Amino acid sequence: MDTDQRIGKLQSMGKTFRSYDLNQRLLLPPDLRDWLRDDHLALYVSDVVDQLDLSEILNSYEEGDMRGRPPYHPALMLKLLVYGYCTGKLSSRKVEQATYDDVAFRVLSCNQHPDHASIAEFRKRHLPALGQLFVQILQLCQRAGLIKLGHVAIDSTKIKANAAKRQSLSYERLKKAEQELSLEVERLLAAAQQVDDEEDSLYGPGKRGDELPPELRQRETRLARIREVKAQLEREAQEAAEQDKAHKQEQKQRKEKGEALVESYRKPMWTQTESGTIVPRPKVQRNLTDPDSRIMLDTTTKSFQQAYNVQIAVDGEAQIIVAASVVQAANDAAQLLPALTAVKQNLGALPQQATADAGYFSAAGLSDERLKEVDLYVPPNNKPGLRRGRRSRCAINAQVREMMWHKLQTAAGYEIYKRRNIIAEPVFAHIKHLRHFRQFLLRGLAQVEAEWSLICMTHNLLKLFRAQPESSTT
């Protein structure tokens with residue numbers, strides 16, 4: 001007995017079912033919003049995006065080419081991207097597929113299906129503007145009462161770059177590879193010319209068969225990339241030498257005035273040849289795929305990876321990210337001041353208290369006049385009473401260390417600093433483990449900064465969504 005016969009038998013016994021017929025035609029067009037619950041995240045994302053100022057994105061279309069088919073509406077594309085980042089669908093191909101398979105994406109796209117190339121192009125074209133939406137969402141969180149700026153915790157983690165570590169070459173290896181590839185390209189060019197001459201004599205001039213062999217195209221492309229990265233390293237070495245010279249001059253002036261010395265945690269990346277030319281150190285490395293990324297130690301896995309160092313400042317009220325950035329330095333010692341000044345830039349005020357781990361300790365940063373209003377709790381990176389080489393030669397630096405140790409050893413200071421673990425670290429756990437964001441999709445520092453802003457913006461948006469029953473964003 002097939003399914004239809006069984007249903008007919010049940011109905012003859014008085015059992016009825018709700019109507020179900022895939023061939024049923026709708027007499028009236030449906031309201032797409034009825035396909036989702038009223039409290040669905042997709043509808044919330046749609047309402048929030050409708051409140052945002054998208055003028056920068058919209059204005060970019062005024063001077064565009066009016067030929068061809070009209071582009072998809074920017075609000076549609078933005079809602080798909082934001083909802084995709086909220087739900088872990090970061091790939092443009094996954095978002096395209098979701099507009100067919102996922103009801104929430106179909107609702108946000110109004111049953112339209114932008115192809116992945118259009119989605120990727122929209123993200124690439126408007127990436128700077130998308131990154132700036134972080135502040136608008138942050139202001140919505142502030143209006144909803146989720147930000148108090150009573151206690152802000154600062155933390156960092158390493159996120160993998162979209163580049164393989166094996167593509168990183170030292171300056172010494174770049175020079176050697178450039179010479180090897182130059183000779184190989186010359187050899188292949190000569191061989192190709194010889195083949196062309198032989199074919200011209202056989203088939204006559206102007207006949208097909210004169211294309212460059214694939215191995216020559218590959219070597220030429222790699223040679224061009226190596227030369228580009230090598231030249232970038234040389235420019236950076238020159239700039240670093242000038243910065244180090246200015247830093248030494250500043251140190252000298254501060255020492256004469258009795259001020260705290262500005263500690264430098266950057267390893268020198270340049271040296272001088274016998275002729276006095278400034279060149280990168282032989283072991284300084286750059287990646288051919290993403291030269292802006294750096295090899296960094298992941299303290300979780302205890303392994304080195306091609307990565308970026310991402311920074312967040314998190315408010316203690318509801319774990320809202322109030323400042324976010326990406327840096328190329330593996331060390332956090334110079335990041336305390338930029339993080340807190342970014343909070344003031346985003347929200348107009350500094351926090352009352354701020355905590356960070358020992359990696360952020362810098363006597364000059366802690367004693368900076370711009371942070372005098374903030375009650376700081378940052379443990380020094382050595383034990384009380386111990387000297388640490390040149391860094392303790394300045395009496396003011398040693399005094400800052402001793403004062404901070406004394407502050408943290410009090411019962412009140414210990415309790416305040418202990419809160420850092422439950423404010424900032426769970427945010428990274430949520431982003432990495434629950435939202436599965438462990439590697440950047442884009443390449444280059446500017447693109448990565450904007451992508452990280454999108455990740456942090458959607459983190460705040462999810463917090464705002466979950467707090468919606470008690471708060472309002474309007």
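Bear in mind that the values in this text are calculations on the coordinates, not laboratory data. Quick caveat, the model's predicted, so the values are computed rather than measured. Virtual Cβ from ideal backbone geometry, glycine too; neighbours counted across all protein chains shown.
From the alpha carbon centroid of the range 104-171 to that of the range 397-429 is 30 Å. Footprinting exposure proxy ranking of Val48, Val310, Val152, Val95, fewest other C-beta atoms within 10 angstrom first, gives Val48, Val310, Val95, Val152.
Using the Karplus relation 6.51 cos²θ - 1.76 cosθ + 1.60 with θ = phi - 60°, the per-residue 3J(HN,Hα) values for the range 45-57 come to 4, 4, 5, 5, 4, 5, 8, 6, 7, 9, 4, 5, 6 Hz, with x marking Gly and Pro.
Annotation: amide H of Phe304 within the under-5 Å range of Asp298, sequence separation 5 or more or interchain, hydrogens built in the peptide plane. Amide H contacts under 5 Å for Thr157: Val310, restricted to partners 5 or more places along the chain or on a different chain, H placed in the peptide plane at 1.01 Å from N.
When ranked by the protection proxy of mean other Cβ atoms within 10 Å per residue, highest first, what sequence do the peptides 129-135, 329-335 form?
129-135, 329-335
Each label point was placed 7 Å from the Cα along the Cα-to-Cβ direction; for Asn23 and Gln439 their separation is 4.8 nm.
The fraction of all Cα pairs in the range 30-125 landing in successive 5 Å bins from 0 to the largest distance is 2, 13, 25, 25, 19, 11, 5, 1, 0, given as whole percents. Within the range 313-381, the trypsin sites (Lys or Arg not before Pro) that combine a DSSP coil assignment with at most 13 other C-beta atoms in a 10 angstrom radius are Lys372.
A simple spin-label model places pseudo-atoms 7 Å from Cα toward Cβ; at Lys252 and Ser91 they are separated by 5.7 nm.
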